[in-house]
Structures are given as structure tokens and as C-alpha cells.
Amino acid sequence: MKYLSLLFSGIMLCSFVGTAAAQDRQDECYACHASMEDDASQAFATDVHRNGGLTCASCHGGDASLDDMDEGMSSARGFKGVPAGKAISATCGGCHDDKERMGALGFDGTTGQLTALRNSAHSRGSGATASPLMECTHCHGAHGIRPARDPASRVSRRNVVALCSSCHDNPRYMQQYNPSLPTDQLAKYRTSVHGQRNARGDSRAAACPDCHMAHEIRPASAASSSVNAMNIPMTCGKCHGDAKYMEPYGIPTNQLALFRGSVHGKSLLEKRDVSAPSCNDCHGNHGAAPPNVESIGNVCGTCHALNAELFRASRHAVEFEKAGYPECETCHGNHDVRPATAELLALGAGSLCGSCHSTENAPEGFRAAKVMHVLLDSLRNTVALAERRIDDAEQKGMEIEDVRFSLRDARQARLQARTAVHAFSVEKFSEVLDPGLLIARQALIDAEAANDDYYFRRSGLAIATLIITVTVILLFLYIRRIEQQQRSRKQAVS
Amino acid sequence: MELFTSLRGWLDERVDLEGLAALARKKTVPSHRHSIWYYFGGVTLFLFIIQVCSGILLLFYYRPGEDTAFESIRFLMSKVQFGWLMRSIHSWSANLMVLAAAIHMFSVFLTKAYRKPREITWVSGVLLFYLTLAFGFSGYLLPWNELAFFATKVGTDIAGSVPFVGGAMLELLRGGEQVTGATLSRFFGFHVALFPAIFTVLLAVHLIMVQRQGMSTPIGHEKSSEETPMPFFPNFVLRDVLLWLIVLNILAVLAVFFPWELGVKADPFAAAPAGITPEWYFLFMFQVLKLLPSHVLFLEGEVFGVLVFGIAMALWTVIPFFDRKSQRGQQGRFFTYVGIAVIVFILFFTILGWVML
């Protein structure tokens, strides 16, 4: 087997090197098949490999220079016929996975496609033989292969969507391999900005391989997948963060930078919290499009449901609609959503509420924002103080776990109060916040009591120790006295 | 005063107080340079009394059960007036009792006080010591916290590795295959009913024998003690009380400055936290079992270790019957060396276990 492989490699190498000489030499296989006008030879006529000097023997083995068919297609000449199964991709990979060989053929493009394919979801074992689901020819074809940049290529941006959809748009076919995978990607893609531009012939608009990769396609659940939640911002940012590439479209290219600094970006990319939204959670996946003014509230409300519900019932919803302001974005921004701290309610310079409300133009809103800000701050400070005092007590060895546990309710109330802000009503806000404030205050009182109790214990110990020590000394003196008396009596007797 | 005299007369007629007083006046304790060791028996007894009293107070609040044990101790420590003190005293006193009992046992061994006619006192004393360890082991689980849960799991696993009877012992100790609420109920029963009952009987035998036979004088010191015997009452009793008060003081300082922590509630489904070790008095056994190779002779290392410890403990209990020289009142060095070797072995592996935590 080893020798056969060596022989095969030798023959392949001999077939590829010395391109000038090879081009001069006639491809007898092709000449014969072309005379028969079979499909393979007709397709091979325009194949990028033929144009590059490769012959039929490059893939099928044998000796293409011999006009004697029997000898040229003999096993002695290394003929192996039509590759099947894994041998198909192994044949392609013999060159395309070998950087040096591709370099020798004058090709300076990407190599490693076979390795990438074997690491992809498409190479998952299928059937009793566990052979890979797909080989190179499934996408690229066998004989009429054209470079991806050629618009006529099956894998060009224009055609690749149809190529992928030939399987992924077919529920019955996909059911055999992954019944849970949706099959509406093409329909959604056609509604997206990418899809519409692609349909209009824009060769720069993203097609399937731009997001999913061409060869190393992995399921979104895989951490290394380009469409895994953690990697999506970088996948989208590859184009949307490239000012030069995006120049013809006239849209901003700072989304990725802004997202990285946002509360969502930090949760996803720094804390590795996959429940945080990535680009596709707001814009959609295959049907990617920017949410419009009317739909922003719905998009944010998918996760922040309570906030959206309270907002829609509030006075702001009406006023925003009149003014044509997008719901959530007006206060929180879009890609650069900042943590919703109580400072957003502050009324000083650079604050949020204060940017519209002032004592003169909207005194009612000004007051409401001020009260909510003060109450939220008060709860936060009380909880923080209680935590510090609980820490102090625990460091002193006091058992105060139940008090610490009770603080969870205060924190929960603060969280709910931050949501209740979206009702923009002090009354509703207080209903949520006040119980939390009471709990936090009680926790602070209990923690202080525990700290006081610690000092009480020390004082008690000092008094008890003093009493015991004095008793010990007195007892010692008493023992000494009676033993002296006993010795005196004994001496008197003797 | 008159009332006291008449009350004393009333009692004297019925229980012969004067006879008891005469006995107390007559009773003496040998006095020599090793007399200090006599007091550790009394200290152990004092700590046992503290254990009983604090244990009864803890019983007022403790509720055995997977869902109640931890919570009841937390309630006791945070809400009950001086509940924290009772638990700390109980825990510290338990540890000091093991230490005092060990010192008492080894001092008796090295002074050969187990020799004829005190074999029964020795056997009952050693059994009391083993029972003290069992008290410690069973009590450790009762708060149902994480450390106790996993230490009990490891401890009962070791018991389960005993050949032939290990499986049955494991089942008996745990009340099932795993450490569960059933184990907790069982350990509670052992701790507050079974062990105290056995302990009381053994303690009675031990004390009666001590009172009947008096303190043993080390071989070679008999003559000097005849010269200066110490009256049991009041001299020895008062010295005992003096030491008890000092121990009480130490106990109070430990309980206040180093209150016994409750830790985290046991979660049978959680992974064992790092650094699970038994109580310090089991550490040397744990360390030896850890260091044993996987196989010794034809036995698994752990099984071999458990067997050796079991045999050693049994031999230790009946050692007076092997030490023929001391029975004849002769100084023999072999058993002294055995005692010293055992102490060095225990100290070495305890320190090693501590360092390797």
C-alpha cells in the first residue's frame, strides 16, 4: 500500500511538474474523449485545471501521452479510473492541500481546503460506511471547474446561494441528515439586504460562504464556527468594519467597535455570556436587515419584554411616536448600549433625562426623574453598606448568612425598579423599590447588631476569664495554705 | 446552720455520710515526679461532662434531617441567645476531650499503669477512647455541611473496604448505599443514644475500678510514694478543680476567638470540594492510607491499611496481657519503645497530613 501511494505520488508529481513541457505534450485521453463528445470532455474543455496544463491523467492516473489506450490506461501506468468516495477529495487535496505543490504550479492562493472540509459539518460521517457527507465535486463539479471569481463558476457569489440551497432548501433531503435544521434560509436571504443586492448582481454583497466559510463550515453550536454567537460580531465585522470595502454603500463602519464597548458586547465577548445578543439577534440571520424605527421596540422587547411592555403603556410611547423617535434607541443607543445605571436618570450635564426635561420646560418629568434617581441611589448605597457590614461581621466569625441571603431580595427589587423606570411613574416605581429599601435597611440593622454582638462577646469573655482567673489564683493560694498547714501538723506530730 | 446540721444528720442516718467522709479522709493519691499525668483522666471527665451539658442544650434546637439539620444549626447560631457559644463550646470541648483522653491513655501506657491488677481499667479506658473517636466521627456529620458530608463519605468508604464485613458495615453506617438523610438520622441516633449508653456503662466500670484500686504508682516509684502520699480530699480534688477551671478558661477563649464555623450546606449532587480531610485525630490514618501503594502483598493497599489499623487497635486494647514483665512488677523497655514508636508514628503522619493539605 505504502509503495502504491509512493508510486501514485510520483506519477502525480511527474504529471504536474515541468508545465511548459506538459502543455506541449498532447493529452491523448482528452483527444480521444473529445472525439466522442462525451459530457466529461466537453466540460473539461473550459476547466481551470486544463487551462493550467493538467491532463485527465492528473486525476485519473495513467499516462496521457500514450496513444495506446490499453497501455495508457493500464495499472502499470498508474491508472485508477474514476475516483469514488473519500478518494475524490483526496485526489483534489493532493494538490490543493499542499502549499508547496500549488506554489510550484504557480498558484499563490489559499490552500488547505481539504483539511478545512474534513473539519466541517459536511464531512460528518454518513451511513454504514461512515463516509463523509460531501466531497469537493459536490460543490465544484468534476470537469467544468472554474475559479470562484469567475461569475460563471458554480461557487461564485452569484451562483453559490443557489448551489447551497439545492440541498439546504430541500426539507426532505435535509431531514436525512439534520431534521432540526431550518430549510428557509434561501427565502429569508432573498428578503435581506445582502440577498437583494446579490440578486441584483452585486458581487460584493455577502453570500453563504462569506458568513459560513467556504470549506470549514461548522454548526453554529461549535465554538470554532464562524457563526457561533461569540464569533458572529467578528464575522459581520469582517466586511462591516472595513471602511474601504463598505465605501460604495455609504453606511457607517464603526458598529463592531461600538458593539465591543457596549453592555451587550462586553457580556458576550469579555464575559463569554452566550445569552447576550450578538449581531444576528437584533438584525436577523439570513434575513439580515437593519430594524426600522417602528420595529426597534419589538427587537429589544424580545429580551427586555417587561421594559418594552411598561414603555408602551407609558406617556413616552405616545410622545416618541409623535416626534418620530425610535423607542429604545433614543435613550439607550443601538450598537453602543451602555449599562443602565441610575446615572441615566440624573439631571446634571450629560445626563439622559436632563437632556429633555428641565425645571422650566417639563417640571413634572424633571421631578419624577429626580425622585427615581435619588431612590435608586439610596437603595444601591444601602445594599452596598449592608454588604460591607455583613462582610465585617463574617470576618469576625459571626454567623450572618441569613441576613446576606435576605439582601438578595433587595437586589432583586433594585433590578425590578430599574425595569419599572420604563413606566415613567414615581408611584409605580416606588411600589417596586420600597420593599427592597425596607429589606436593605433591616439587613443593615441586623449586620450592625451582629458587629455589636461580637464586641459584647469579647467583653463577656473578658469578664468571665477574669472571674475564672481570680478563682484559680484564690484556689491555688488556698491549696498552698492547707498543704502548709498539713506539713506543719505532720512536723508537730513527728 | 442548725437546719444544715439536722439535714446532714437526716442524710447520715440513711446513706452513712460519715462513712463516706471517713473513706475520703483515708483515701490518698501517690505522690512522685510523674503525678502530673494523674490529672488528665480528671480533665477528660470534666470535658465529657461539658459535652453532655452542652449537647443537651444543643438538642433543644437541633432537628436531624436533610432539610432541617443545617438550618436548625444556623438558626441556633444566629438567632438563639448564646446558641453560638453552646455550639462552639461543644465542638471545641470535643476536640480537647480527644486530646486529653489521648494524653491520659499514652501516659498510662508509658507509666505501665495498665499492669496487674488494673487490666480491666485499661481495657475499659481504651474502649472509652475508641468510643470518644466514634462520638467525634458521628457528631461531625450532624450539622450536614459540605465538609462533614464528604469527610463522612470518605470515612464510611474506608469502613466499607474492610474484607468480608465491609459491605455490611457500610450499609449499617449509611443506612443505604450512599450518604443521605438516612445516614444523618443514623449518626444522630448513634451520637445521642447508643454511644452515650455504652459510654456510661464503660465509664462507670472505669471509675469504679479506679476508686477501688486507687492510682497506680509507676514501677520504681513505689517507695517514694509511700513516704509522701497526697490526701485525695481535699488536696487532689482541689488541684483537679484548679486544672478544670484553667481548661474552662481555655475553652471559653477558643469558643469566642475561634468560633466553630458552619460552612456551606451539604449538596449530595455537588462535586467534592478540594482539600477534604477528616478531623485532626483521624488525619494520621487518612495520610497513611493515602500513601500506601495500590497493592500490598495480595491485598489492595487501602484494605491492607484498614486491616493493619484494626489489628493494631485490637492488640493495643489487650496489651496488658502481653506485657509479662510489668505484671511481675519489673521494668521492661520493649513496651515502652512500642508506646514511643506509636506516638512518633501518629505525630509524624498527623504533621505530614497537615503539611500536605
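The values are calculated or read from the model by the stated rules, or taken from the named source; none is laboratory data. This is a predicted model, so every value here is computed, not measured. Don't worry about glycine lacking a Cβ; one is built from the backbone with ideal geometry, like all the others, and counts go over all protein chains shown.
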Residue within region B:217-233 that is more than 23 Å from the chain's Cα centre (by Cα) and more than 25 Å from B:Trp122 (Cα to Cα) present | yes
Hey, B:Phe188 touching a Leu at 6+ places or on another chain (Cβ under 8 Å), crowded, with 19+ Cβ neighbours inside 10 Å and either assigned to a helix (DSSP H, G or I) or at the interface with chain A (Cβ under 10 Å from one of its Cβ atoms) (or both) or not = yes
Could you give me the residue pairs with C-beta distances under 7 Å whose first residue belongs to region A:54-66 and is within 23 Å of A:Phe107 (Cβ to Cβ), whose second residue is surrounded by 24 or more Cβ atoms within 10 Å (Cβ to Cβ) and β-branched (Val, Ile, Thr) wherever it lies, and which are 6+ apart or on separate chains?
-> A:Ala64/A:Thr55
B:Leu76 fails exactly one of the following numbered conditions: (1) over 30 Å from B:Val264 (Cβ atoms); (2) in contact with a helix residue (DSSP H, G or I) (Cβ under 6 Å, 6 or more places away or on another chain). What is the number of that condition?
-> (1)
The one condition B:Leu58 fails out of (1) out of contact with any Lys or Arg (no Cβ under 9 Å at 6 or more places or on another chain); (2) surrounded by 15 or more Cβ atoms within 10 Å (Cβ to Cβ); (3) among the hydrophobic types (A, V, I, L, M, F, W, C); (4) more than 14 Å from chain A (Cβ to nearest Cβ) is (1)
Taking region B:278-300 and the residues there that are over 28 Å from the mean Cα position of the chain (by Cα) and not in a loop (DSSP other than H, G, I, E, B), the one that is surrounded by the fewest Cβ atoms within 10 Å (Cβ to Cβ) would be B:His295
Within region A:469-494, count every residue that is over 30 Å from B:Ile250 (Cα atoms) and assigned to a helix (DSSP H, G or I).
-> 9
Unique residue being more than 14 Å from chain B (Cβ to nearest Cβ) and in contact (Cβ under 8 Å) with a residue 40 or more places away in the chain when the list is A:Leu415, A:Leu375, A:Leu407 | A:Leu375
Any idea which of B:Ala102, B:Ala94 is surrounded by fewer than 23 Cβ atoms within 10 Å (Cβ to Cβ) and not in a loop (DSSP other than H, G, I, E, B)?
-> B:Ala102
Within region B:260-308, restricting to residues that are more than 14 Å from chain A (Cβ to nearest Cβ) and among the β-branched types (Val, Ile, Thr), the one that is farthest from B:Ile158 (Cα to Cα) is B:Val296
Filtering region A:69-82 down to residues that are closer than 18 Å to A:Ala34 by Cα and exposed (fewer than 11 other Cβ atoms within 10 Å of the Cβ), which residue is farthest from the chain's Cα centre (by Cα)?
-> A:Asp70
Run A:Lys271 past the list (1) exposed (fewer than 14 other Cβ atoms within 10 Å of the Cβ); (2) among the basic types (Lys, Arg); (3) in contact (Cβ under 8 Å) with a residue 12 or more places away in the chain and report the number of the one that doesn't hold.
-> (3)
Going by the structure shown, is A:Arg380 more than 14 Å from chain B (Cβ to nearest Cβ), within 40 Å of the chain's Cα centre (by Cα) and within 26 Å of B:Trp260 (Cβ to Cβ)?
-> no
For region B:248-259, which residues satisfy the criterion of being facing another protein chain (nearest Cβ under 7 Å) and not in a helix (DSSP H, G or I)?
-> B:Pro259
Determine if region A:201-210 includes at least one residue that is among the basic types (Lys, Arg) and touching a Phe, Trp or Tyr at 6+ places or on another chain (Cβ under 8 Å).
-> yes
Output yes when any residue across region B:212-231 is closer than 16 Å to B:Ser31 by Cβ, part of a helix (DSSP H, G or I), modelled with pLDDT under 95 and within 7 Å of chain A (Cβ to nearest Cβ), and no when none is.
-> no
Every residue from region A:105-148 that is at pLDDT below 85 and touching a Ser or Thr at 6+ places or on another chain (Cβ under 9 Å) = A:Leu105, A:Gly106, A:Ser123, A:Gly125, A:Pro132, A:Leu133
B:Leu245 passes all but one of the listed conditions (1) hydrophobic (A, V, I, L, M, F, W, C); (2) assigned to a helix (DSSP H, G or I); (3) closer than 21 Å to B:Leu76 by Cβ; (4) at the interface with another protein chain (Cβ under 10 Å from one of its Cβ atoms); the exception is number (3)
Filter region A:146-161 for residues that are in contact (Cβ under 8 Å) with a residue 12 or more places away in the chain and in a helix (DSSP H, G or I); the one that is surrounded by the fewest Cβ atoms within 10 Å (Cβ to Cβ) is A:Arg158
